[in-house]
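Some notes on the structure that comes next.
The values are calculated or read from the model by the stated rules, or taken from the named source; none is laboratory data. Treat the numbers as computed from the prediction; the structure is a model and nothing was measured. Using ideal geometry, Cβ is built from the backbone for each residue, glycine included, and neighbour counts are taken over all protein chains shown. Quick note on the areas: whole protein, heavy atoms, side chains included, nothing else; ligands and nucleic acids left out. Shrake-Rupley method; radii C 1.70, N 1.55, O 1.52, S 1.80 Å.
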Amino acid sequence: MPNHAAHELLSLAKSTCGISRYDSEQGDAYLVSDLGAVKTALGRSDVFAGSAHPIKSIHPLLAPMGRVWLGIETATASACALMRQVHAFFGSYASLLTCDSSAVTGQALSSETFCDELKAMFFALSTRLLFDFDVGANAIKIAQASNVIEDVRSRLGTNFPVPEHQALDGRERSARMLLRQLAEGITRHLRQPLSSDLSYAVQETLLNAAVPLAYAFTWTLLLLGRHPAMQARVRANGVLHGNSGSFDESDELCVAVVREALRLYPPAWALERTCTSTLVLAGATIRPGDAVVVSPYALHRMRSLWNRPCRFHPQRFEAGRVKGYAFIPFGGGAKTCPAARWNVPFLVMGVQSFLGRFSVRTSAMPHALPLVALRPSLDFAVSLRQSGKE
């Protein structure tokens, strides 16, 4: 979806109507916010088809932890091993170099550097879990390349990779080449023959695994940086989980903080389905070929579903209160993100680890750019200090 269309959709999402028709590049389209219609659109795969994802083609390449993360392997012992590995990763990751330097010296930290280093961390985690592959010092370059590819997709409205006939500038060609080289490195590491289809599948899987988590993590830290008292409570309450290889959500406050950040800035900000047979949905007649869009961003900010919805208030999620289809940060129904069950635990461990090293102060919040996921714009101000030295 081109960026101008995405912004139009988010503007339309402010409507209180249960279903709103709008013109898309493909023809008639409908934004649905009535919860019954949302459940139908996301749950009725016999009537609504979503775009296919090439993830099945990489199943033979997945490392054991990748199979657990994507829900292919569900044994309890494997799940415990996954949690231990993620815990160890966050505890030992040492490549937040500029963040560390800024926290020690008190020098200004650019928003671009902050975002890139956090995104690089999640690319490093994703390649490690999915393919048992270490991206090493290339993590920052890969994160920066993914930014460029997202910008290309928002401009051209095409899926990744960009078709060969599309005109790209030098920076965009370099970004595409770097991600292609990453896919080649992974397949060589796994001793698998590389094809263009497999390269595409590996790149797309990594983008869809790392980018949404990285942005969710960044938004969580930025929100905590605006609420120092809540940040102090999370730090005081936080004990890294995973030593036992399990996640029991005993740190209820940090879980609530992560869920509240996901409510305000859901990675899956828009979910599109194509109607395959005529039906009436929330009073509107939907015909074959029409697009139906569910926007978690809109649902999560509806006054009819949430009290003071634009306010950061993690307490609304304490005691595990979650509102079904009113809260779907990673999608819902038949095409929910296969890694959704793990994403909150991963983010909680990441937040606890980060706050063990740094305190965050956000003096200006960014606005959300609707790309692969909701990316923070770079017009914010953030500073770091070593934890305990505020």
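If we keep just the residues of the stretch 172-195 that are closer than 17 Å to T127 by Cβ, in a loop (DSSP other than H, G, I, E, B) and open to solvent by 50 Å² or more (accessible area, probe 1.4 Å), which is modelled with the lowest pLDDT?
L194
Just one of the numbered conditions (1) at pLDDT below 90; (2) hydrophobic (A, V, I, L, M, F, W, C); (3) closer than 15 Å to D251 by Cα; (4) open to solvent by less than 50 Å² (accessible area, probe 1.4 Å) is not true of F346; which one?
(1)
Only residues in the stretch 344-358 that are in contact (Cβ under 8 Å) with a residue 40 or more places away in the chain count as the first member; pair them with residues that are assigned to a strand (DSSP E or B), Cβ under 6 angstrom, at least 6 apart or cross-chain, and list the lot.
F358/L384
Take the stretch 96-134 and flag every residue that is under 22 Å from G71 (Cβ atoms) and outside any helix (DSSP H, G or I).
D132, F133
Scan the stretch 74-86 residue by residue and report those that are open to solvent by 40 Å² or more (accessible area, probe 1.4 Å) and part of a helix (DSSP H, G or I).
T76, A77, R84, Q85
S101: closer than 30 Å to G388 by Cβ, more than 23 Å from the chain's Cα centre (by Cα), at pLDDT 90 or above and surrounded by fewer than 16 Cβ atoms within 10 Å (Cβ to Cβ), yes or no?
Spelling it out, S101 is indeed closer than 30 Å to G388 by Cβ, more than 23 Å from the chain's Cα centre (by Cα), at pLDDT 90 or above and surrounded by fewer than 16 Cβ atoms within 10 Å (Cβ to Cβ).
Mind listing whichever residues of the stretch 260-311 are polar (S, T, N, Q), in contact (Cβ under 8 Å) with a residue 60 or more places away in the chain and surrounded by fewer than 21 Cβ atoms within 10 Å (Cβ to Cβ)?
T274, T276, S277, S304
For G333, indicate whether it is more than 27 Å from R235 (Cβ to Cβ), crowded, with 19+ Cβ neighbours inside 10 Å, in contact with a helix residue (DSSP H, G or I) (Cβ under 9 Å, 6 or more places away or on another chain) and not acidic (D, E).
Answer is yes for this residue.
Hey, any hits in the stretch 368-380 for a residue that's open to solvent by 40 Å² or more (accessible area, probe 1.4 Å) and closer than 19 Å to A229 by Cβ?
no
Looking at the stretch 13-40, which of its residues are touching a helix residue (DSSP H, G or I) at 6+ places or on another chain (Cβ under 8 Å), open to solvent by less than 70 Å² (accessible area, probe 1.4 Å) and either modelled with pLDDT of 65 or more or not in a loop (DSSP other than H, G, I, E, B) (or both)?
Residues satisfying the conditions are G18, I19, S20, Y22, S24, L31, V32, S33, L35, V38.
Does V348 satisfy being aliphatic (A, V, I, L, M), more than 26 Å from F90 (Cα to Cα) and in contact with a helix residue (DSSP H, G or I) (Cβ under 9 Å, 6 or more places away or on another chain)?
Judged against the criteria, V348 is not a match.
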